[in-house]
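Derivation of every value follows stated rules applied to the coordinates shown; laboratory data play no part. None of these values were measured; they are calculated from a predicted model. Here Cβ is always computed from backbone atoms with ideal geometry, including for glycine, and neighbour counts include all displayed protein chains.
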Amino acid sequence: MADSTAPSHTTRPLNVDTWDDFARLVEANNGVWGGCWCMGFHPEGVGKDRTASQNREAKLRHVRARTVQQVLVYEGDQCVGWCQYGPPAEVPNIKNPRAYNETLTAPPDWRIGCLFTDRRYRREGVARAALVAALAAIKEAGGGLVEAYPEQVEGREPQRGAYLHTGPESVFLELGFTRDRRIAKWRWVVQRRVQP
């Protein structure tokens with residue numbers, strides 16, 4: 001499924017063939033947030049009782065079982081970022097669940113979990129390329145209501161050393177998402193309907 005989404009970016013799904021590329025990127029970034037291995041949105045989640053190596057093994061089990069939907073972004077042959085997505089049953093854990101559930105009227109068909117970009121490639125369109133490819137995969141899978149939980153950066157002081165693991169809201173708005181409701185001071189539920 002190599003898809004050219006930017007002059008220098010291509011995308012591929014995370015699967016057993018691309019696992020080593022994904023693992024190299026995660027390991028080069030301290031396991032991502034100290035050892036998450038992009039497990040935070042999966043049913044198992046992450047926590048103090050789970051080590052980075054346990055998270056790695058859990059992610060690999062998902063890849064082998066095909067219970068993960070994730071687009072990897074490449075710069076040449078190097079994996080430089082990703083977008084995790086899936087139906088709510090595959091990515092049930094989100095930030096600010098209490099506020100989210102208090103105002104929930106109907107669950108979405110799809111969720112965007114996290115967006116990650118290697119620190120050396122930030123502000124080069126990697127997150128946008130990943131999101132475009134994820135939306136294309138959702139369309140191919142039948143479309144539906146897609147939800148994400150990005151952070152608002154407009155009107156906010158720069159967050160030194162912080163990384164927006166659910167993505168900056170501006171990227172989603174550029175791609176046709178609209179605000180549905182606020183679930184934290186700087187976090188919004190944004191939605192977009194994808195036609196099949």
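For an R0 of 25 angstrom, estimate the FRET efficiency from the Cβ-Cβ distance between Val153 and Asn93 and round to the nearest 0.05. Walk me through the intermediate numbers first.
On the way: r = 23 Å, r/R0 = 0.92.
Taking R0 as 25 Å, the efficiency between Val153 and Asn93 is 0.60.
So how do 86-95, 124-133 stack up, highest first, on mean other-Cβ count within 10 Å?
Details: 86-95: 16.9, 124-133: 23.9.
Per-residue mean Cβ counts within 10 Å order the peptides as 124-133, 86-95.
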Using bins 5 angstrom wide from zero, how does P(r) for segment 1-148 break down, in % of all Cα pairs? 2, 10, 19, 23, 21, 15, 8, 3, 0
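Calculate the FRET efficiency for Ala141 and Lys48 from the Cβ-Cβ distance with a Förster distance of 25 Å, rounded to the nearest 0.05.
On the way: r = 35 Å, r/R0 = 1.39.
E between Ala141 and Lys48, to the nearest 0.05, is 0.10.
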